[in-house]
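Notes to accompany the following structure.
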Amino acid sequence: MADEGEMQSLVVRLRTVEQERDAWRSRCAGLAGERDSERETAQRLRGSGSYRLGRGLVTLARDPLRLVRRIRRDQVVPRRRTVKRPLPARLYVAIGLDLDRLRDFVQTVRRRVLVEPDHRAVVLTDNAGFSLLRGSGLILEYLADRETWERHRPDQPWDVVLSERLSRLYAEHDATHVSFVDPERPPTLPELLDTTPPGRTSLQQS
């Protein structure tokens, strides 16, 4: 008998808990419905002209300059993106320089461009070791030296090949200036900074 009483008591408790659970569920569902209704009302209110006007008046009263800045920012027309043109190229003809002088000259040109970045430097050399200077950041072009060329291609004069190569490089890099480097006395940094205006050719003894 005691067991049956305990069982009935347990069943009553279980039913009570289920009733309380159902009541909480109903209450939560009602609160969720109220929340959704309030949210829709708030969204409609924010979208109304009256709300925007009232908010603007409050902002104007608190911080007039802020509202003026916002209006000006909204009225600014987006600027068109301007295409940045590449710097003009300058062709340095460094023919006849040994590797040490070529390295010093390339470093000098690099400093020149860093001091005054007004052009892209293209260096034409006949030194086969030019590949060791690839990390200089300059554009290095190669043409075999006169002796090597005449030994392998005697049918084509080296002077003509050099002229054609210069014309092609001038066009490919859209160069505006050509400088011939004296292999016995490459220019110093101050001399490179004091260059001929773009569009003219600076000739040094070669």
- Query: Considering the dipole of segment 89-193 built from charges on the beta carbon (Lys and Arg +1, Asp and Glu -1) around the Cα centre, which of Ser163, Leu193, Gly137 is farthest to its positive end?
  - Reply: Gly137
- Message: Can you give me the % of accessible surface on segment 89-193 that is carbon or sulfur? Probe 1.4 Å, all protein chains present, nothing else counted.
- Response: 52 percent
- Separation between the Arg25 and Ala128 pseudo-spin-labels, each 7 Å from Cα along Cα→Cβ, expressed in nm? 9.0 nm
- Item | Relative compactness, segment 92-146, computed as alpha-carbon Rg over 2.2 N^0.38 Å | 1.05
- Counting only heavy atoms of the protein chains, get the accessible area per residue of segment 89-193 (1.4 Å probe) and round it to a whole Å² value. 52 Å²
- Charge dipole magnitude, Cβ of K and R +1, D and E -1 - segment 89-193, Cα centre, debye nearest 20: 340 debye
- Item | Per-residue SASA entry for Thr176, accessible area with 1.4 Å probe, Å² rounded to 10 | 40 Å²
- Task: Count neighbours as other Cβ atoms within 10 Å of each site's Cβ, and list the GluC sites (Glu not before Pro) in segment 140-179 that are DSSP loop with at most 10 such neighbours.
- Result: none
- Message: List the residues, sorted by chain then number, that are 5 or more residues from His177 or on another chain and whose placed amide H is less than 5 Å from its amide H.
- Response: Leu91, Gly199
- Message: Going by amide H atoms built from the backbone, whose H comes under 5 Å of the H on Val123, apart from near neighbours?
- Response: Tyr92, Ile139, Leu140, Glu141
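The values are calculated or read from the model by the stated rules, or taken from the named source; none is laboratory data. The shown structure was predicted, so the numbers you read here are calculated from the model rather than taken from an experiment. Here Cβ is always computed from backbone atoms with ideal geometry, including for glycine, and neighbour counts include all displayed protein chains. Please note that ligands, DNA and RNA were not included when accessible areas were found on the heavy atoms of the full protein model with its side chains. Shrake-Rupley method; radii C 1.70, N 1.55, O 1.52, S 1.80 Å.
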